[in-house]
Amino acid sequence: MKIVNPVFIIGIQRSGTTILYDLFAKHRDVAYCEMFSSIMCNKPYLFKMIPALLKLQRIQKGRDFRPIPNEGRIWRRFFSEIEYLDQHQVTGEIKDYYYSAIRYQLKAFGVGRFVSKNPANCLRIKWIDKMFPDARYVIIWRDPASVVSSIFRKMNRRWEYESDHVYEHGYKGYVTVKERFGKDVSKIQACVNYYNHLRSKLLDDFHVIEDRSVTISYEDLVHNPRVILRMLYEHTGLEWYDGLKEVIPDRLKTDMNQQWMCMSEVEQEVLRNNFGQHAPSHDQSHS
């Protein structure tokens with residue numbers, strides 16, 4: 001099965017990539033990675049079982065059953081999440097691995113298009129383009145202060161766990177982020193440095209895919225999801241159909257851009273120093 005115009009959703013983590021991905025994957029004509037890909041990521045010879053396993057799930061749960069999207073560990077198979085990759089890191093083994101994974105998902109869903117999201121792809125544009133030269137891209141941006149504050153809150157929630165836990169390739173999650181992007185500064189400043197690194201790499205390489213990309217904002221997605229998704233489907237060559245109105249709301253209930261009351265004045269000052277007017281004060285956060 002040929003992989004035609006796969007769609008890659010790209011955005012810095014905590015920018016709304018998961019919300020967008022979950023909505024985009026509602027389309028009946030797209031396949032995506034689900035939990036079996038993650039479970040089998042280190043044993044790719046088992047990918048061939050995925051169509052049969054999904055068929056069994058549909059028998060158990062109903063013909064229209066669509067599993068929860070789960071990129072899981074498949075995109076961490078060869079590299080850690082903070083490694084910058086370009087076309088030189090594409091090998092025959094890597095191409096065979098991802099071609100196989102995607103083809104079996106297409107077969108399992110019985111469709112011709114594939115969609116994926118992985119925040120690490122901010123650092124992998126040239127790498128992806130080498131493997132999938134006809135891919136289509138959706139770039140999502142969010143207010144930088146909101147992104148950094150969200151990264152910071154998640155870092156604090158996971159810090160104790162990740163201090164003792166090693167993922168693939170020696171990566172220890174936000175502990176590694178702190179060590180690499182802010183060993184001698186505060187956690188909030190490390191998050192700012194991390195954000196700036198991801199942003200600069202994405203912008204540096206964007207010219208490679210610019211002619212196949214569309215850019216949206218998280219804020220627009222929250223307020224007009226149906227309008228945004230319709231536009232994205234058109235960009236990626238997917239048809240809008242009436243059934244999508246039942247699964248894509250006309251407005252999302254989530255909007256986490258006003259979480260400033262959870263941060264200290266010191267932390268907010270770091271954001272204001274780095275992002276200026278994008279980082280409101282406590283008084284602005286309540287308005």
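The values are calculated or read from the model by the stated rules, or taken from the named source; none is laboratory data. Computed from a predicted structure; not experimentally measured. Note that each Cβ is placed from the backbone with ideal geometry, even for glycine, and that neighbours are counted across all protein chains shown.
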Requested in this report: Search the stretch 195-213 for residues that are without any contact (Cβ under 8 Å) to a residue 60 or more places away in the chain and under 15 Å from residue 177 (Cα atoms) and pair each with any residue that is surrounded by 17 or more Cβ atoms within 10 Å (Cβ to Cβ) and not polar (S, T, N, Q) when their beta-carbon atoms are under 8 Å apart and the residues are at least 6 apart or on different chains.
Outcome: 197/181
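Being touching a strand residue (DSSP E or B) at 6+ places or on another chain (Cβ under 8 Å) and either closer than 28 Å to residue 126 by Cα or at pLDDT 90 or above (or both) is the requirement here; does residue 198 meet it?
Details: touching a strand residue (DSSP E or B) at 6+ places or on another chain (Cβ under 8 Å): no; either closer than 28 Å to residue 126 by Cα or at pLDDT 90 or above (or both): yes.
Criteria not met by residue 198.
Of the residues 31, 108, 101, 52, which is surrounded by fewer than 16 Cβ atoms within 10 Å (Cβ to Cβ), hydrophobic (A, V, I, L, M, F, W, C) and over 21 Å from residue 139 (Cβ atoms)? Even if it seems obvious, please write down each step before you answer.
Numbers: 31 fails: surrounded by fewer than 16 Cβ atoms within 10 Å (Cβ to Cβ); 108 fails: surrounded by fewer than 16 Cβ atoms within 10 Å (Cβ to Cβ); 101 fails: surrounded by fewer than 16 Cβ atoms within 10 Å (Cβ to Cβ).
After ruling out the rest, the residue left standing is 52.
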Report task. Could you please tell me which pairs satisfy a Cβ distance under 7 Å, a separation of 6+ or placement on different chains, a first residue in the stretch 215-233 that is closer than 16 Å to residue 250 by Cβ, and a second residue that is of a type in the set (Asp, Glu) and in a helix (DSSP H, G or I)? Result -> 228/220
Query raised in the report: Are any residues in the stretch 118-175 part of a helix (DSSP H, G or I) and among the hydroxyl-bearing types (Ser, Thr, Tyr), and if so, which ones?
Result: 146, 149, 150, 161, 163, 174
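In this structure, is residue 36 out of contact with any Gly (no Cβ under 8 Å at 6 or more places or on another chain), surrounded by 15 or more Cβ atoms within 10 Å (Cβ to Cβ), under 24 Å from residue 126 (Cβ atoms) and not aliphatic (A, V, I, L, M)? Walk me through it before giving the result.
Values: out of contact with any Gly (no Cβ under 8 Å at 6 or more places or on another chain): yes; surrounded by 15 or more Cβ atoms within 10 Å (Cβ to Cβ): yes; under 24 Å from residue 126 (Cβ atoms): no; not aliphatic (A, V, I, L, M): yes.
Judged against the criteria, residue 36 is not a match.
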Report summary line: Scanning the stretch 55-75 residue by residue, those under 29 Å from residue 230 (Cβ atoms) and exposed (fewer than 14 other Cβ atoms within 10 Å of the Cβ) turn out to be 61, 62, 63, 64, 65, 68
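Among the candidates 222, 227, 166, which residue alone is of a type outside the set (Gly, Ala, Ser), closer than 21 Å to residue 115 by Cα and exposed (fewer than 15 other Cβ atoms within 10 Å of the Cβ)?
Working: 222 fails: exposed (fewer than 15 other Cβ atoms within 10 Å of the Cβ); 166 fails: closer than 21 Å to residue 115 by Cα.
The unique qualifying residue is 227.
Suppose the filter is in contact with a helix residue (DSSP H, G or I) (Cβ under 8 Å, 6 or more places away or on another chain) and over 25 Å from residue 210 (Cα atoms); does residue 8 pass it?
Numbers: in contact with a helix residue (DSSP H, G or I) (Cβ under 8 Å, 6 or more places away or on another chain): yes; over 25 Å from residue 210 (Cα atoms): no.
Taking the combined requirement at face value, the residue does not satisfy it.
How about the stretch 111-130: which of its residues are under 15 Å from residue 2 (Cβ atoms) and buried (at least 19 other Cβ atoms within 10 Å of the Cβ)?
Here is the first cut: in the stretch 111-130, the residues under 15 Å from residue 2 (Cβ atoms) are 111-114.
Selection gives 113, 114.
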